[in-house]
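**Q** Have a look at this one.
The values are calculated or read from the model by the stated rules, or taken from the named source; none is laboratory data. Because the structure is predicted, anything quoted here is derived from the model rather than measured. FYI the Cβ positions are ideal-geometry reconstructions off the backbone, even for glycines, and counts take in every protein chain you see. Just so you know, the surface numbers come from the protein's heavy atoms only, side chains and all, with ligands and any DNA or RNA stripped out. Shrake-Rupley method; radii C 1.70, N 1.55, O 1.52, S 1.80 Å.
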Amino acid sequence: GMVQLEPPGAPGLAAAAATAATAEVRLSRRRWAVVLLFSSYSLCNAFQWIQYGSINNVFVRFYGVTTFAIDWLSMSYMLTYIPLLFPVAWLLDKRGLRFIALAGSALNALGAWVKLGSLKPYFFPVTVLGQVICSLAQVFILGMPSRIASVWFGSREVSTACSVAVFGNQLGIAVGFLVPPVLVPNVEDVEKLAYHISIMFFMTAGVATALFILVVIVFKEKPPHPPSRAQALIQSRPTEEYSYKQSILRLLRNANFLLLTVTYGMNTGCFYSLSTLLNRMVIHHYPGEEVNAGRIGLTIILSGMLGALISGIWLDRTKTYKQTTLVVYMMSLVGMIAYTFTLSLGHLWVVFVTAGVLGFFMTGYLPLGFEFAAELTYPESEGTSSGLLNVSAQIFGIAFTISQGQIMECFGTKAGNLFLCSFLFLGTIMTAFIKADLRRQQANLDNAQTVIQSGERPEGPRSSSAPTSCSGR
């Protein structure tokens, strides 16, 4: 069993296995505070991503710019992420979780305060600057859920923890759909409009600043003891044996991971495009329904959060990564088809139902991709594997948003949504070819077997549920 612990090209794992097998595995009570705090500042950052798109028509009139210019405020998040992934992933491996958390929450607060300088119609460049700073913060946030889950949580709760970490981002998008149409009504008076926008910007800046202060106080690098045997194995490896460049090369030679990267990018890119253009689609078929457009977006996200939670619990219980991912991907396609053909029927309640079904599977897919990648690429850094997934998502997101927007202008909303359906169909086919090479699960099993053979108590219910196993931190 010890030989299986070392995937091709991963140095030092066999030598570290003996140390990992005897390491004390305990859970820290602080783990839930850490993941909930991360989820909170991720929420704030995601809110700032969609706050312009959810009332696209209002900001177009206030700043006197085109709808495409407002779309780019959302797409800036996607564009910024692509070139900065590798530097930030390198920083994550060299400086650790706490440094990345401080940087992400600080940039998020700074961007929110900069936007307060854009409360005049001719200050559009200032709001662009604030949004770009927030997009920089997103690079320090988006790839963190699976890393936090692995470092802080036991093997029987790691997928659930990853889902909770992803929750924040999704809930932020939900709030971004719901709150801006309520706080910023579509009034004619520019001064009144600026006043309403200032309320939204001030509230965001205050929350972002409070969360940064909490990160300084609460967020720690890692728990005192490893939470799982797989994590103990990684921590016992000498740091000088780790090469970031070699890690990237190993990931790029992993055929199953590359397939997942492309399929994840297609699914999440469709979600980004749908979120950015949702206001335009709903207003086109239901004029004057800005508030309901936001509520439809809220429905997509809330149902997706439920889907993500159920998926995370299911994975922790069954470890059926490949099967669950394939089923959820297939149902995302079904949901997108249903949404496409009901949007123009003239019944808003039908759109709410089909949008909820679509969100349950499409948004619920996001933590599945992170966790499946962590399994396929163990013992490589979860921050790097998640980062590569997100780069793929940003590339497809930009391409899909621009393409769908142009198709909608020329051929209507149905043609634009069918464009997304075609890529979801392709992604479903490709997902079926991914082999379930669950390396992290195998590492936990092998280490547990080693502990049993040495006469020690293995990681099990004691490390995931018994109060006596938790750290007092």
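**Q** Leaving ligands and nucleic acids out of the surface, order 25, 114 by accessible area at 1.4 Å, largest first.
**A** On the way: 25 10, 114 35 Å².
Solvent-accessible surface, decreasing: 114, 25.
**Q** Percent relative contact order of the range 244-452, based on C-alpha pairs within less than 8 angstrom and at least six residues apart? Could the numbers behind the result be given before it?
**A** Details: 280 pairs, mean separation 75.8, N = 209.
It rounds to 36 percent for the range 244-452.
**Q** Label 7 Å along Cα→Cβ of residue 291; the range 43-68 residues with amide nitrogen under 16 Å?
**A** 55
**Q** A further question on this structure: For helix 158-183, what angle does its Cα long axis make with the longest principal axis of the chain, in degrees from 0 to 90 and rounded to 10?
**A** For 158-183 against the chain, the angle is about 10 degrees.
**Q** Sequence-distant or interchain residues sharing an amide H contact under 5 Å with residue 220, placed H: which?
**A** For residue 220, no residues qualify.
**Q** Can you tell me the relative contact order of the range 111-269? Whole percent, Cα pairs under 8 Å, sequence separation 6 or more.
**A** After rounding, I find 23 percent.
**Q** Starting from the Cα-Cα distance between residue 199 and residue 129, subtract it from 0.36 nm times their residue separation and give me the gain in nm to one decimal.
**A** That works out to 23.3 nm of additional length.
**Q** In nanometres, what is the gap between the two model label sites at residue 82 and residue 188, each 7 Å from Cα along Cα-to-Cβ?
**A** Those two pseudo-labels are separated by 4.3 nm.
**Q** Go through the range 240-340 and name the trypsin sites (Lys or Arg not before Pro) that are in a DSSP coil and have 14 or fewer other Cβ atoms within 10 Å of their Cβ.
**A** 253
**Q** Shape of the range 65-109 from its Cα gyration tensor (a ≥ b ≥ c, root eigenvalues): rounded if a/c is under 1.5, otherwise prolate when a/b > b/c, or oblate? Each step should come with its number before you reach the end.
**A** Working: a/c = 6.07, a/b = 2.18, b/c = 2.79.
Oblate shape, in that a/c is at least 1.5 and b/c is the bigger or equal ratio.
**Q** In addition: By the scheme Lys and Arg +1, Asp and Glu -1, what is the net charge of all other residues having a beta-carbon under 12 Å from that of residue 259? Don't skip to the answer; put the middle values down first.
**A** Working: positive: 322, 435; negative: 437.
Residues close to residue 259 contribute a combined charge of +1.
**Q** I want to check the label-to-label distance for residue 61 and residue 262. Put each point 7 Å from Cα in the C-beta direction and report it in nm to one decimal.
**A** Distance between the two pseudo-spin positions: 4.5 nm.
**Q** A follow-up question, please. For residue 344 and residue 94 in the same chain, what is the full-extension length gain: residue separation times 0.36 nm, less their Cα-Cα distance, in nm?
**A** This chain segment gains 84.9 nm when fully extended.
**Q** To the nearest 0.05, what FRET efficiency results for residue 36 and residue 313 with a Förster distance of 25 Å applied to their C-beta separation?
**A** Numbers: r = 17 Å, r/R0 = 0.69.
Between residue 36 and residue 313 the formula returns 0.90.
**Q** If I take R0 = 30 Å and measure r between the Cβ atoms of residue 320 and residue 422 in this structure, what FRET efficiency does the formula 1/(1 + (r/R0)^6) give, to the nearest 0.05?
**A** According to the calculation, E is roughly 0.60.
**Q** Shifting gears a bit: Have a look at 218, 246, 303 and report the one farthest towards the positive end of the charge dipole of the range 195-322, computed about the Cα centre with Cβ charges (Lys/Arg +1, Asp/Glu -1).
**A** 246
**Q** Relative contact order for the chain: what is it in percent, counting Cα pairs under 8 Å that are at least 6 residues apart? Mind dumping the intermediate values first?
**A** Values: 826 pairs, mean separation 123.0, N = 473.
About 26 percent, as a whole number.
**Q** Please say if the range 161-287 is rounded, prolate or oblate, where rounded means a/c under 1.5 for a ≥ b ≥ c the square roots of the C-alpha gyration tensor eigenvalues, and otherwise the choice is prolate for a/b larger than b/c and oblate otherwise?
**A** Judged from the Cα gyration tensor, the range 161-287 comes out oblate (a/c at least 1.5, b/c at or above a/b).
**Q** Rounded to the nearest 500 deg cm²/dmol, what is the calculated helix-only ellipticity per residue at 222 nm for the chain, with -39500 (n - 2.57) per DSSP H run of length n ≥ 4?
**A** Calculated from helices alone, the mean residue ellipticity at 222 nm is -26000 deg cm²/dmol.
**Q** Further question on the same structure: What residues qualify as long-range amide H neighbours of residue 28, i.e. H under 5 Å apart, gap of 5 or more or another chain, H built at 1.01 Å from N?
**A** For residue 28, the qualifying residues are 471.
**Q** Provide, for the chain, the number of lysine pairs with alpha carbons under 22 Å apart, each pair being eight or more places apart or on different chains.
**A** Step by step, the pairs that qualify in the chain add up to 7.
**Q** Let me check something: with ligands and nucleic acids excluded, how do 225, 347, 284 order by accessible area (1.4 Å probe), largest to smallest?
**A** The ranking, largest first, comes out as 284, 347, 225.
**Q** Go through 213, 141 and list them by solvent-accessible area, largest first, probe radius 1.4 Å.
**A** Values: 213 90, 141 5 Å².
Largest accessible area first, the residues go 213, 141.
**Q** Pull out a ≥ b ≥ c, the square roots of the eigenvalues of the alpha-carbon gyration tensor of the range 310-411, then state rounded if a/c is under 1.5, prolate if not and a/b is larger than b/c, and oblate in the remaining case.
**A** The shape class here is oblate.
**Q** Pulled fully out, how much extra length does the chain show between residue 69 and residue 122, if you take 0.36 nm times their separation in residues and subtract their Cα-Cα distance?
**A** 17.7 nm
**Q** Which trypsin sites (Lys or Arg not before Pro) does the range 73-157 hold that lie in a coil by DSSP with at most 12 other beta carbons within 10 Å?
**A** none
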